[in-house]
């Protein structure tokens, strides 16, 4: 039996999502590792969860698909009542450049995953955890980005705009469900050492931008996971509607 409950981590097969899954297991959660395409990577993360003595399952699904999201949450119920959701899945579109150089199809897909996906997962989590629906409460942590504040000019303005939308969703939803036992917060990472930059065709991005970070380095996925697990935990019992920046003061 889980000591902390069951948490769903979208985009949990790599990078920040994988670090969140593993740390959640260390903190006593059973974990649902959602992934979009790489089943082998997701299963490797699930195995790390099991090595910490927790239950794990992998669930393939596109968070922008209403049917896939319902199936994801139904699968989670096999582990027990849901107590946490981490909305981590997001994409940049892998086409860095100015706004006037972006294809509308790319922008629409980024909006669909990064905004509609967060909405769909958060809606389903509320329907499962809120006392209004007979639930026992829980916590939602949305993974935003400091790009919501900086704008990512010349690279991913459209991505930055989706993260600003996530911040607003966090503020509003937190107010709606605060009296229903559900806390909603966000973590906004800065420059983090993941494969996102190379996948977007900018393998030197972190090395190029690190000198501009007051702490002098990029962050690690595990540092973001610590912030997420704090907001999921009872230690953050009075935190709701907060966006916690973890970006080395940049």
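Every number in this text was worked out from the coordinates using simple rules, so none of it is lab data. No experiment lies behind these values; they were computed from the predicted model shown. When we count neighbours, we look across all protein chains shown, and the Cβ atoms used for this are built from the backbone with ideal geometry, even at glycine.
Placing a pseudo-label 7 Å from each Cα along the Cα-to-Cβ vector at residue 176 and residue 52 gives an inter-label distance of 3.0 nm. Most tightly packed first, judged by the mean number of other beta-carbon atoms within 10 Å of their residues, the peptides 209-219, 96-106 read 209-219, 96-106.
Taking Cα atoms only, the orientation of helix 117-129 departs from the longest principal axis of the chain by about 20 degrees. Helix 15-26 axis versus longest C-alpha principal axis of the chain: approximately 30°, rounded to the nearest ten. Packing, as the average of other Cβ atoms within 10 Å across residues, places the peptides 150-158, 200-208 in the order 150-158, 200-208, highest first.
Label-to-label distance, residue 123 versus residue 65, with points set 7 angstrom from Cα along the beta-carbon direction: 1.7 nm. One decimal place: the segment residue 98-residue 210 gains 38.2 nm when fully extended, by the rule 0.36 nm per residue minus the C-alpha distance. When you restrict to C-alpha pairs under 8 Å that are six or more residues apart and normalise by the size of the chain, the relative contact order lands at 19 percent.
Over the chain, DSSP H runs of length four or greater, each weighted -39,500 (n - 2.57), average out per residue to a 222 nm ellipticity of -12000 deg cm²/dmol.
Result for the chain in a Gaussian network model with C-alpha springs under 10 Å: among 116, 92, 194, the largest mean-square fluctuation is at 194. For segment 24-114, relative contact order (Cα pairs under 8 Å, six or more residues apart, normalised by length) works out to 23 percent.
Ordered by the number of other Cβ atoms lying within 10 Å of each residue's own Cβ, fewest first, 133, 238, 29, 159 fall into the sequence 238, 133, 159, 29.
Angle check, please: helix 39-51 long axis (alpha carbons) against the longest principal axis of the chain (alpha carbons), in degrees 0 to 90, nearest 10. Here the helix axis deviates by roughly 50 degrees. Counting beta carbons within 10 Å around each of 171, 73 and listing the fewest first gives the order 171, 73. With a/c under 1.5 counting as rounded, go ahead and sort segment 31-76 into rounded, prolate or oblate using the C-alpha gyration tensor (a ≥ b ≥ c being the square roots of the eigenvalues; past the cut-off, prolate if a/b is larger than b/c, else oblate). Oblate, because a/c is 1.5 or more while a/b does not exceed b/c.
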